[in-house]
Amino acid sequence: MPILTVKEAINQALVESFTNDKNVILMGEDIAGGKGREQYQGTQDAWGGPFGVTQGLLTKFGPERVRDTTIAEAGFFGAAVGAAMTGLRPIVELMYVDFAGVCFDQLMNQAAKMRYMFGGKQNVPMVVRTVVGAGFRAGSEHSQTLYSLYTHIPGLKVVAPYDAIDAKGLLLSSIIDNDPVIFMEHKRLYMTKCEVPENLKPIPLGKGRIRKKGKDITIVAIQRMNLFAEEAANLLADEDIECEIIDPRTYSPLDESLIYESVKKTGKVIIIDESNPKCSLASEISSLISENCFTDLKAPILKLTAPHTPVPFSPPMEDFYIPSTKKIIKGIKTILKY
Amino acid sequence: MNIDQNKLNWIYKKLFTIRFFEERIKKIAKEKLVPGYLHTCIGSEAICVGVMSALNNDDWISSTYRNHGHAIAKNCELKEITSEIFGRSTGICKGKGGSMHISDFDKGMLGSFGIVAAGPPVVLGAALQEKINKGSKNSVTFFGDGAIHNGAFHEAAGLAKLWDIPMLFVCENNGYAEATATDWHLNTKNLSDISRAYDMISYRGDGNNVFEVHEITKNALIESKEKNTPIFIEFKNYRFSGQYEGDTQLYQPLEEINEAKKNDPIKIALEKAIDYKFSSIEINNLKKQALNDVEEAFKFAETQPWPKPEDSLNDVYVNYPKNLIL
């Protein structure tokens, strides 16, 4: 089975989607990278965005469908809404999720509400691909996750894959989905690898994944936190502690029942989210568990998140900001005492 | 100007329908018979009808919260428009939109937006789709002078020109951005100059003269397609209503309103009726028909059922687990 990085998997999903449906287009800043309008476009060594994810698409599919935009997110996000309503399947790239501020109106008030507000006649089948995550020494304006900001909004779907297989399968699904989808790619996961079968089928949105089976405690891990959850679970296994790791993968819709089933079995749960804590995915999942699994719980629900601060730049401070394997182990041991 | 008789009748009837409709809305607003905000477009009839008379039925437009005239001129069902304003289940958006969001996708409306300058990027997207799929529909975005200040307008204008997208940016300069006069906010005398920064062709016209609006729009649509370029048009008129019904309009001096009445678009259209060989009987008939349509629409709306509360749970997504909505 081929081994792919997350970055390669996403590129493959894009290429397959472009090949399968001529209505798929891509718009974003520097997604090709051009100099001059005609002379240099179509060159093999196009930039492909800051992480090179879209490299080669311009060459394969041409400038009509792969459109380098100006630094004008409101302009091309709004255009994606109009294009989606009238028959295309636009994918737009928000270079960093932190830039959402300049085009949030187009997502929150137009993309999300078009169908509802105008009586259910129109679909808005668009995908926003965006880069999230701390740990890149990228400072406060290029490092957030903001999962809950989008999950909060009715009309949007939110997807955040951890590994290459999920990245490819979920992106394929997001592109054929008829609702607007925010697809979040973690910058620290782009180069991580796993086996991805050829001819992988789309993975349905709204289905979580049990990454590791266990009976003693449920770890709900959000996107990159799966990495640390796995490390912690492996270390704890040496002490005969069996952790069950749940990766919800999509946050709207959320596979609630998968989480409940696990919590009903273990009675103990820790939620790991590298976002800020207030009104976060962690607090949402915690509240859902306490409402739905109250009598099954044998210990308080523990949330392990970043502090209520912007993402700091300096390495010691940023490393402190991100939940770590060590903190996860400490948290789990606290809960297991109950 | 060569306009066939059917279209002429349509133009006059629509002008009257919009005016009667909005007068009726003002009345029920005073009596507080409908819920929510109401923004009427008295003074904009010639722009609504003049632009739409140059379009085909299935062409794309976007509108704003001041949309009643656009929707009526885009041939949306008057009864459904009214029912929507009343919040009833048979409304054009099933009661989910209200007065600010009157829009029928099946009539080519891409939305009526409560956010200033939300429309230009969306119509840019529809026009881009037409270009990529080699479609033939025209794309027109309506916005007010207030939207000129907003980044979304500029971003859409820049991209439309960069990408050679045929579409019309129709700026309705009615003298007021909400409760502030246009010249209070902007030093540029002619808004049509602003688009020149993007090397975009622009025109300016009398927004009170339905035939001038029609002619400029018709020619701009042809030029825009021939040259593969967006075109900006500024139509000047006057907003006789306040920002919304119930607005005290203290910022609009009475002398100004009275002066503007000399150029009332309905008055100008009536003066021009003679040029198009309308008899006063024919004009009165069209007026009667328009008034009758409006009366019937309001009678219809008042008797329509309210939506069920739980109907509010539908149409959020195409596909989503129902148990996660409530």
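The values are calculated or read from the model by the stated rules, or taken from the named source; none is laboratory data. Because the structure is predicted, anything quoted here is derived from the model rather than measured. Quick reminder, even Gly has a Cβ in these numbers, built from the backbone with ideal geometry, and neighbours come from all protein chains shown.
Remarks
- Taking the conditions (1) under 18 Å from the mean Cα position of the chain (by Cα); (2) over 22 Å from B:Phe113 (Cβ atoms); (3) assigned to a loop (DSSP other than H, G, I, E, B) in turn, A:Gly139 satisfies each one other than (1).
- Of the residues making up region A:212-228, those that are assigned to a strand (DSSP E or B) and either surrounded by fewer than 19 Cβ atoms within 10 Å (Cβ to Cβ) or among the hydroxyl-bearing types (Ser, Thr, Tyr) (or both) are A:Lys212, A:Thr218.
One line per residue, one yes/no per condition, for (1) surrounded by fewer than 19 Cβ atoms within 10 Å (Cβ to Cβ); (2) in contact with a helix residue (DSSP H, G or I) (Cβ under 8 Å, 6 or more places away or on another chain); (3) assigned to a helix (DSSP H, G or I):
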position	(1), (2), (3)
B:Ile194	no, yes, yes
B:Gly205	no, yes, no
B:Glu212	yes, yes, yes
B:Leu221	no, no, yes
B:Lys225	yes, no, yes
B:Ile233	no, yes, no
B:Arg239	no, no, no
B:Thr248	yes, no, no
B:Glu256	yes, no, yes
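- Subset of region A:85-103 [at the interface with chain B (Cβ under 7 Å from one of its Cβ atoms) and buried (at least 24 other Cβ atoms within 10 Å of the Cβ)]: A:Met85, A:Thr86, A:Leu88
- The residues on offer are B:Ile25, B:Ile47, B:Ile11, B:Ile72, and the sole one that is in contact with an Asp or Glu (Cβ under 6 Å, 6 or more places away or on another chain), within 23 Å of B:Asn284 (Cα to Cα) and at pLDDT 95 or above is B:Ile47.
- Residues in region B:59-106 that are outside any helix (DSSP H, G or I), small (Gly, Ala, Ser) and closer than 21 Å to B:Pro120 by Cβ: B:Ser62, B:Ser63, B:Gly97, B:Ser103.
- Hits in region A:235-264 - residues which are touching a strand residue (DSSP E or B) at 6+ places or on another chain (Cβ under 8 Å), within 16 Å of A:Arg209 (Cα to Cα) and in contact (Cβ under 8 Å) with a residue 40 or more places away in the chain: A:Cys243, A:Asp247, A:Pro248, A:Arg249, A:Thr250, A:Tyr251, A:Ser252, A:Pro253, A:Leu258, A:Ile259, A:Ser262, A:Val263
- Top-ranked residue in region B:86-101 [being within 7 Å of another protein chain (Cβ to nearest Cβ) and of a type outside the set (Lys, Arg); ranked as farthest from A:Thr69 (Cα to Cα)]: B:Ile92
- Filter result for the condition that a residue is in the same structural domain as A:Asp240 (by TED's automatic domain parsing), more than 21 Å from A:Ser143 (Cα to Cα) and part of a loop (DSSP other than H, G, I, E, B), over A:Pro300, A:Pro323, A:Pro307: A:Pro300
- Taking each residue of region B:14-34 that is more than 16 Å from B:Ile47 (Cα to Cα) and looking for partners that are outside any helix (DSSP H, G or I) and not β-branched (Val, Ile, Thr) with beta-carbon atoms closer than 7 Å, six or more apart or interchain, yields B:Ile25/B:Leu38; B:Lys26/B:Glu245; B:Ala29/B:Leu38; B:Ala29/B:Glu245; B:Ala29/B:Gly246; B:Val34/B:Phe86.
- Failed criterion for A:Ala112 (all others in (1) at pLDDT 95 or above; (2) more than 10 Å from every other protein chain (Cβ to nearest Cβ) hold): (2)
- For A:Arg188, the stated conditions do not hold, so it cannot be described as closer than 22 Å to A:Pro323 by Cβ, basic (Lys, Arg) and in a strand (DSSP E or B).
- Counting residues in region A:242-249 that are out of contact with any helix residue (DSSP H, G or I) (no Cβ under 8 Å at 6 or more places or on another chain), farther than 18 Å from A:Ser283 by Cα and among the hydrophobic types (A, V, I, L, M, F, W, C) gives zero.
Yes/no matrix, rows are residues, columns are (1) of a type outside the set (Ser, Thr, Tyr); (2) surrounded by 23 or more Cβ atoms within 10 Å (Cβ to Cβ):
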| position | (1), (2) |
| --- | --- |
| A:Gly78 | yes, yes |
| A:Gly82 | yes, yes |
| A:Asp105 | yes, no |
| A:Asn123 | yes, no |
| A:Arg129 | yes, yes |
| A:Phe136 | yes, no |
| A:Tyr150 | no, yes |
| A:Pro161 | yes, yes |
| A:Asp166 | yes, yes |
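- When residues in region A:119-133 are screened for being facing chain B (nearest Cβ under 9 Å) and farther than 16 Å from A:Leu156 by Cα, 2 of them pass.
- Restricting attention to region B:102-112, the residues being facing chain A (nearest Cβ under 7 Å) and buried (at least 24 other Cβ atoms within 10 Å of the Cβ) number 3.
- Test for A:Val269: is it in contact with a strand residue (DSSP E or B) (Cβ under 6 Å, 6 or more places away or on another chain) and buried (at least 22 other Cβ atoms within 10 Å of the Cβ): yes
- B:Val122 being within 12 Å of chain A (Cβ to nearest Cβ), outside any loop (DSSP other than H, G, I, E, B) and touching a Gly at 6+ places or on another chain (Cβ under 7 Å): yes
- Residue check, A:Ile203 over 21 Å from A:Thr5 (Cα atoms) and either assigned to a loop (DSSP other than H, G, I, E, B) or not polar (S, T, N, Q) (or both): no
- With respect to being assigned to a helix (DSSP H, G or I), small (Gly, Ala, Ser) and more than 18 Å from A:Ala221 (Cβ to Cβ), A:Ser290 fits the description.
- Cβ-Cβ under 6 Å pairs, at least 6 apart or on other chains, region B:291-305 side surrounded by fewer than 22 Cβ atoms within 10 Å (Cβ to Cβ), far side of a type outside the set (Val, Ile, Thr) and not in a helix (DSSP H, G or I): B:Gln304/B:Arg88; B:Pro305/B:Ser89
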